[in-house]
1. The conditions are (1) outside any strand (DSSP E or B); (2) more than 14 Å from every other protein chain (Cβ to nearest Cβ); (3) not charged (D, E, K, R), and A:Ala13 fails exactly one of them. Which is it?
2. Looking at the range A:40-53 only, could you name the residues that are at the interface with chain B (Cβ under 10 Å from one of its Cβ atoms) and either closer than 22 Å to A:Gly108 by Cβ or open to solvent by 40 Å² or more (accessible area, probe 1.4 Å) (or both)?
3. How about the range B:49-77: which of its residues are touching a helix residue (DSSP H, G or I) at 6+ places or on another chain (Cβ under 6 Å) and facing another protein chain (nearest Cβ under 9 Å)?
4. Name every residue in the range A:115-155 that is touching a Pro at 6+ places or on another chain (Cβ under 7 Å), open to solvent by 20 Å² or more (accessible area, probe 1.4 Å) and aliphatic (A, V, I, L, M), in order of residue number.
5. Only one of A:Glu97, A:Glu131, A:Glu107, A:Glu68 is part of a helix (DSSP H, G or I) and in contact with a strand residue (DSSP E or B) (Cβ under 8 Å, 6 or more places away or on another chain). Can you tell me which?
6. Taking the criterion of being at the interface with chain B (Cβ under 10 Å from one of its Cβ atoms) and open to solvent by 70 Å² or more (accessible area, probe 1.4 Å), would at least one residue in the range A:70-81 satisfy it?
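The values are calculated or read from the model by the stated rules, or taken from the named source; none is laboratory data. This structure is a prediction, so every number in the text was calculated from the model and none was measured. Methodologically, a virtual Cβ is constructed for each residue, glycine included, from the backbone with ideal geometry; neighbour enumeration extends over all protein chains shown. Side chains included, ligands, DNA and RNA excluded: accessible areas come from the protein's heavy atoms. Shrake-Rupley method; radii C 1.70, N 1.55, O 1.52, S 1.80 Å.
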Amino acid sequence: MSRPFNVTRGGVALKLTAEEVAFLKDVPVMLVNLGRDPDHPATQRLSIPIYLNDPAAEQEYHRWMGPELEQARLADRSAFASVLDEAATGTTLSVAEAEAFMRVLEEGRLALGASVGLDIEDDYATLGEGEAAALDYLAYLQGELVRILTKLTLR
Amino acid sequence: MVVALPIPVRTEEFDDLVNHAEAWKVVVWNDPVNLMDYVVFVLRKLFGHSKEKATQLMLAVHNEGRAIVADGPREKAELDCYRLHHHGLWATMEQ
């Protein structure tokens, strides 16, 4: 089996099957849908308070940085969707696009994990086959991208 | 009449007080979803830690539940938390 990501002269080469592309295109859709419910565990997980004992400071921080974070995530998802449009035939990602792709995989895994009640590592054993497969596949892609980006940007 | 004012001298004790008042710690908490290699990558990328240092911090998060990954004035700590959240890590700050 060939690897989905490879280092190339222009950045990171990506090639996925049509089935993989179809699955991944659902990730941003899932994130948008879950984000509509502020009480959903996934939304809660993606909106972590930084001040644990100071609600006023937290409110002020959230007022300034909340929309900023939302915009950054929307930009990542937009890059993710654009890349996927070309992924079945093969495309090359810049490092910035590859990092955005990696962050959306992370966001998707966090949202999925929170949705299925993955609170501690032992909870993996309780997951259904489909849930575990989805998390494992996203983890596989993310791990591959981490390997490539480490090689490209940190050595 | 000219009055000679005392010239303020910055002492080590004064610096300690200022630094203590300003120092905020950025804490990353354990999360069952995050991949170990991903956490190491993010800590290296955002804070410029060596591979060894980032691995040590990741293992502290994994084994002890949390680790202090950065510190500094309040504004810097807030920005660090923002960048960690953008990368999905569970980050808070404390004094």
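1. Checking A:Ala13 against (1) outside any strand (DSSP E or B); (2) more than 14 Å from every other protein chain (Cβ to nearest Cβ); (3) not charged (D, E, K, R), the one that fails is (1).
2. If the condition is that a residue be at the interface with chain B (Cβ under 10 Å from one of its Cβ atoms) and either closer than 22 Å to A:Gly108 by Cβ or open to solvent by 40 Å² or more (accessible area, probe 1.4 Å) (or both), then A:Arg45, A:Leu46, A:Ser47, A:Ile48, A:Pro49, A:Leu52, A:Asn53 are the ones that fit.
3. If the condition is that a residue be touching a helix residue (DSSP H, G or I) at 6+ places or on another chain (Cβ under 6 Å) and facing another protein chain (nearest Cβ under 9 Å), then no residue fits.
4. Residue satisfying the conditions is A:Ile120 alone.
5. A:Glu97
6. no
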